[in-house]
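First up is the structure itself, then whatever we jot down about it.
The values are calculated or read from the model by the stated rules, or taken from the named source; none is laboratory data. Every value quoted in this text rests on a predicted model; they were computed, and no experiment measured them. Here Cβ is always computed from backbone atoms with ideal geometry, including for glycine, and neighbour counts include all displayed protein chains.
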Amino acid sequence: MSATPGTPQTPTTVEVRKVGVHRFVATNARGGSVAMGEGNDPDLTPVELLLAALAGCASIDLDYLAGKRADFETFAARAQGTKVRDEQGNHVVGLRVTFDVTFPEGEAGDAAREMLPSALQRIQDRLCPVGRTVTLGEPVSYVAGSLPEE
């Protein structure tokens, strides 16, 4: 699927390097990094990183939307899913992101509470590119090749 002509496109790249037995580090162009492993160490697994990306993407969007009205008094999000192996291979089902947030008393907090359901719907339907990519099912290509030096 290609982007609609005239819409913004933002190429994004991360590099992944092996740092140990079944342990890797992903690094972005800005120098940020995250360690990942197979689940036998404290590092996040790739599935956990997917869940973190879903919750993180929606959290940032929600912070922008609600922040126009009121700051959060409390904020917590939990992403969950179940890794399965079936006739379609390995994949994650039952993906869900739950937000446990509170806003201050008063008019601004009331406005933020009122917009919360519609904000979450907008995040699900249009805003969060991570969730939208999972929902739309964009194919992933795995290829062998040389990476250019940067």
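Can you tell me how many residues within the range 1-21 are at pLDDT 95 or above and within 19 Å of the chain's Cα centre (by Cα)?
3
Mind telling me which of the residues Val92, Val34 ends up being surrounded by 10 or more Cβ atoms within 10 Å (Cβ to Cβ), in contact with a strand residue (DSSP E or B) (Cβ under 8 Å, 6 or more places away or on another chain) and closer than 16 Å to Gly131 by Cα? Can you show your working first?
Working: Val34 fails: closer than 16 Å to Gly131 by Cα.
Only one candidate qualifies: Val92.
Test each condition in (1) touching a Gly at 6+ places or on another chain (Cβ under 9 Å); (2) modelled with pLDDT under 95; (3) not hydrophobic (A, V, I, L, M, F, W, C) for Gly67 and report the one that comes out false.
The one condition Gly67 does not meet is (1).
Any residue in the range 96-114 that is without any contact (Cβ under 8 Å) to a residue 24 or more places away in the chain sitting within a Cβ distance under 8 Å of a residue that is assigned to a strand (DSSP E or B) and among the basic types (Lys, Arg)? List the pairs, counting only those 6 or more apart or interchain.
Within 8 Å, the pairs are Thr98/Arg78.
Is it fair to say Glu105 is part of a loop (DSSP other than H, G, I, E, B), more than 28 Å from Val25 (Cβ to Cβ) and charged (D, E, K, R)? Don't jump to the end; show me each part of the working.
Numbers: part of a loop (DSSP other than H, G, I, E, B): yes; more than 28 Å from Val25 (Cβ to Cβ): yes; charged (D, E, K, R): yes.
So Glu105 fits the description; yes.
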